[in-house]
Amino acid sequence: MKIDRLLAITMLLLNRRRISAKELSERFEVSLRTIYRDVEAINQAGIPVVSFAGLSGGYEIMDQYRLERQFLSLEELQSIIVGLKGIRSTVGDQEVGNLLDKVGALVAKSEQNTAARLDDQLIIDMNPWRRGNEDKEKLTTLRNAIKESRQITFQYVSSQSEQSVRTTEPMSIVAKGFGWYLYGYCLLRQDFRIFRLSRMKEIEVLPETFERRTEAVGPLHYGWGKSDPSTLITMVLHAQQSIQAQIEDYFQPKQIAYQPDGSMLITAQQPDEPWLLGMLLGLGPGVRVLEPAHLAAAIKEKAEKIVQLYS
């Protein structure tokens, strides 16, 4: 529908510095002539769209324009509130609380009963189990360092239990999987690195400042979005029916072949890294590694050392 496209174009312009007519036509699969008419209709509706010519030309919305509440449905407002509450559960700072108050004030009094019901339908709590207050203090320190572009130093324990002192230009705080991470440029390694928050100790904000690197976020998305094929192994497991829930927590349905006796064969590609041993040992005697042989041998060696502790 045309009205849906006009609203979508408006949202894009509000969130982008500049966008070309060609990009808009390709995104919405309409002709350039249609885009010209759409932009004119948006202008006539009172939304000030400015056009720029040349190679870097395109459309922009004037800087001072803001989106009024009537463009947001109650469900959309509630989604924003739920997300903010999830952040506040971990960060817990006054800024998020103030923002929640402002967004909540956009909900009309006549809608508040409905909003309260929606609030109970989806709850996001990003606060890790048993680490709430400790992580909140770290997050507050790191957020302040990022805002002020100040270097930090801290003691770090790697996944191989190697201890080191790192000095880092902090770029981003990331919630991923079951934990929080710091992404930044490590001056020791002279490269971008991801540090797990629970392994960072004695964090100190330094007086030295830094210029934020232009490629700051790109390596983060690449690092988590792709794995080096050379580090992957094809793992085949046989799992008992008694640990079906755990298997389905860890692996995708397409990786699991259910057997007539209730057991499961799992075939998956995994990085050949130390954490893999811990994950498999955590599944207990209900799983057996069939392939590769070196992984099965490593599991056996670890299990024998555990037995020796109790013999």
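The values are calculated or read from the model by the stated rules, or taken from the named source; none is laboratory data. These numbers come from a predicted model, not from an experiment. Glycine gets a Cβ as well: all are built from the backbone with ideal geometry, and neighbour counts include every protein chain shown. With ligands, DNA and RNA removed, areas are computed over all heavy atoms of the protein, side chains included. Shrake-Rupley method; radii C 1.70, N 1.55, O 1.52, S 1.80 Å.
Under the criterion of Cα pairs below 8 Å and six or more residues apart, the relative contact order for the stretch 1-61 equals 38 percent.
Placing R0 at 51 angstrom, the Cβ-Cβ distance between Glu134 and Phe28 gives a FRET efficiency of 0.60 after rounding to 0.05. FRET efficiency for the Leu309 to Arg213 pair, using the beta carbon distance and R₀ = 51 Å, is estimated at 0.65. With 0.36 nm allotted per residue and the present C-alpha distance subtracted, the Ser242-Lys147 stretch has 29.3 nm of extension available.
Filter Lys85/Lys136; Lys254/Lys302; Lys85/Lys138 down to the pairs with a C-alpha to C-alpha distance above 26 Å, please.
Working: Lys85/Lys136 14 Å; Lys254/Lys302 29 Å; Lys85/Lys138 19 Å.
Flagged as over cut-off: Lys254/Lys302.
Extension gain, Leu188 to Val82: 0.36 nm times the residue separation minus the Cα-Cα distance gives 34.2 nm. For Ile19, the residues whose modelled amide H falls within less than 5 Å of its own, excluding neighbours fewer than 5 places apart on the same chain, are Tyr59. Shown for the stretch 240-293: the carbon plus sulfur share of the solvent-accessible area, taken with all protein chains present and a 1.4 angstrom probe, equals 50%.
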